[in-house]
1. From the list Lys27, Lys46, pick out the single residue that is open to solvent by 70 Å² or more (accessible area, probe 1.4 Å), touching a residue at least 12 places away in the same chain (Cβ under 8 Å) and on the phi > 0 side of the Ramachandran plot.
2. Taking Glu63 as the residue in question, decide whether it is of a type in the set (D, E, K, R) and open to solvent by 40 Å² or more (accessible area, probe 1.4 Å).
3. Only one residue in Thr68, Thr54 is open to solvent by 30 Å² or more (accessible area, probe 1.4 Å), touching a Cys at 6+ places or on another chain (Cβ under 7 Å), among the β-branched types (Val, Ile, Thr) and without any contact (Cβ under 8 Å) to a residue 24 or more places away in the chain, so which one is that?
4. Return the residues of the range 14-24 that are outside any loop (DSSP other than H, G, I, E, B) and open to solvent by 60 Å² or more (accessible area, probe 1.4 Å); say none if nothing qualifies.
5. Just to check your reading of the model, which residue among Leu108, Leu93 is buried (at least 16 other Cβ atoms within 10 Å of the Cβ), over 28 Å from Gly22 (Cα atoms) and not β-branched (Val, Ile, Thr)?
6. Given the structure, is Asp107 farther than 30 Å from Ser12 by Cβ and of a type outside the set (Ser, Thr, Tyr)?
7. Quick check on my filter: what residues within the range 7-24 are closer than 21 Å to Lys46 by Cα and in contact (Cβ under 8 Å) with a residue 60 or more places away in the chain?
8. Output the number of the condition that Val77 fails; it satisfies all remaining conditions of (1) open to solvent by 60 Å² or more (accessible area, probe 1.4 Å); (2) within 30 Å of Ala123 (Cβ to Cβ).
Amino acid sequence: MLMLKPRSHTISQQAGTIRKGGFLMIKGNPCKVIEVATFQPGKHGKTKCHFIGTHMFTGRKFEALITTGHNAAVPVVIRTEYVVVNVSADGFLALMETKVPYQTRSDLTLPAEKPDVSARIKALYAEEKEFSVIVLGACNQEMIMDTKVLSDGS
């Protein structure tokens, strides 16, 4: 995981419009919503949403109860794809953007929180396949989430 440059971390969105698969800040953590339940507690009570989400980077579960008409903080999530140029022995990756201006970076490491993704990256690099990694960033953090094979290397 790497810290990003400071910027607005969240935007406001009405709680009643947030759906499963969306993102939500729960207890100060950027989470992907895995379950939403809506209910009205009593005769004069307001409709509420019960959210269950998993932390985007650690997978830890969080819960929140928010009135449907109130605004909730939603993390600004940035998805970037990079072509893998090199994987060093200490786990750092040399990456190149897939879009112009094709800038390079070498500050991301194999994701310790996702051993299956790390193993896939090592295997694809060892097989000399051309592949990219998908990086998600939110709240001054970013992590490699998945891989994508671009060609078979033949």
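The values are calculated or read from the model by the stated rules, or taken from the named source; none is laboratory data. The structure displayed is predicted, hence computed values, not measured ones. Cβ coordinates were reconstructed from backbone atoms using ideal geometry, including for glycine residues, and neighbour counts include every protein chain displayed. The protein model used for the area step is the full one, side chains on, heavy atoms only, and it has no ligands, DNA or RNA in it. Shrake-Rupley method; radii C 1.70, N 1.55, O 1.52, S 1.80 Å.
1. Of Lys27, Lys46, the one residue that is open to solvent by 70 Å² or more (accessible area, probe 1.4 Å), touching a residue at least 12 places away in the same chain (Cβ under 8 Å) and on the phi > 0 side of the Ramachandran plot is Lys27.
2. Yes.
3. After applying the criteria, what remains is Thr54.
4. Result: Gln14, Thr17.
5. Residue meeting the stated conditions: Leu93.
6. So Asp107 passes the test.
7. Ser12, Gln13
8. (1)
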